[in-house]
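Engineer: Quick one: structure below, then a few questions.
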Amino acid sequence: QVQLVESGGGLVQAGGSLKLSCAASGRSIGYNAMGWFRQAPGKEREFVASINWSSSNSIYGNSVKGRFTIARDNAKNMVYLQMTSLKSEDTAVYYCAAADSVWVQSRVGEYNSWGQGTQVTVSS
């Protein structure tokens, strides 16, 4: 089982930027699609972005398209989420996750390893 640890969350003003990191350990994630999800209080976990094993394909949730970018570095066993033009509605706990498949996935059920999450708060 791979262990995932997110970092980089914090408090930022609306319109600002933040970069989240996800460090994987225990085994290589080189052949896993990776994803980012978020969950706000009282809401269901929401898909944010996913990237395939080779970084040749990525997909995004509609609410973050054009503002967020997912990337990975397989040599470092790391995944990143660059967030720009942040809005108050982006406030949530952000989770990194690893899928069984090598291909991009948008459903929670396709991911079998999850980090503990990192809080992102956007003030308006």
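The values are calculated or read from the model by the stated rules, or taken from the named source; none is laboratory data. No experiment lies behind these values; they were computed from the predicted model shown. Positions of Cβ are generated from backbone atoms using ideal geometry, with glycine treated the same way; all protein chains shown enter the neighbour counts. Note: accessible area is taken over every heavy atom of the protein model, side chains too, but ligands, DNA and RNA are not part of it. Shrake-Rupley method; radii C 1.70, N 1.55, O 1.52, S 1.80 Å.
Engineer: Only loop residues by DSSP count here, and only those with at most 14 other Cβ atoms within 10 Å; note down the chymotrypsin sites (Phe, Trp or Tyr not before Pro) in region 1-92 that meet that. Mind showing how you got there, number by number?
Structural biologist: Working: sites: Y31, W36, F37, F47, W53, Y60, F68, Y80; in loops: Y31, W53.
Hits after loop and neighbour filter: Y31.
Engineer: Could you work out what % of the accessible surface of the chain is carbon and sulfur, using a 1.4 angstrom probe and leaving DNA, RNA and ligands out of the count? Don't jump to the answer; show the numbers that get you there.
Structural biologist: Values: 2960 of 6130 Å².
Within the chain, the accessible surface is 48 percent carbon and sulfur.
Engineer: Please list, or write none, the aspartates and glutamates whose alpha carbon is within less than 17 Å of the alpha carbon of K76, excluding same-chain residues fewer than 8 places away.
Structural biologist: E6
Engineer: Which loop-located GluC sites (Glu not before Pro) does region 1-100 contain, where loop means any DSSP state but H, G, I, E or B and the Cβ has at most 10 other Cβ atoms within 10 Å? Can you show the working numbers first?
Structural biologist: Numbers: sites: E6, E44, E46, E89; in loops: E44.
Answer in residue order: E44.
Engineer: So which trypsin sites (Lys or Arg not before Pro) in region 32-65 pass both tests, a DSSP loop state and at most 11 other Cβ atoms within 10 Å of the Cβ? Walk me through the intermediate numbers first.
Structural biologist: Working: sites: R38, K43, R45, K65; in loops: K43, R45, K65.
Here the trypsin sites (Lys or Arg not before Pro) that fit, given the DSSP loop and packing criteria, are K43, K65.
Engineer: Tell me, what is the per residue accessible area of region 13-124 in Å², probe radius 1.4 Å? Could the numbers behind the result be given before it?
Structural biologist: Values: 5450 Å² over 112 residues.
For region 13-124, the solvent-accessible area averages 49 Å² per residue.
Engineer: Suppose every Lys and Arg Cβ carries +1 and every Asp and Glu Cβ carries -1, with no other charges. What dipole size does region 1-117 come out with about its Cα centre, to the nearest 20 debye?
Structural biologist: Numbers: 11 positive and 8 negative charges, 31 e Å.
Result for region 1-117 is approximately 140 debye, rounded to the nearest 20.
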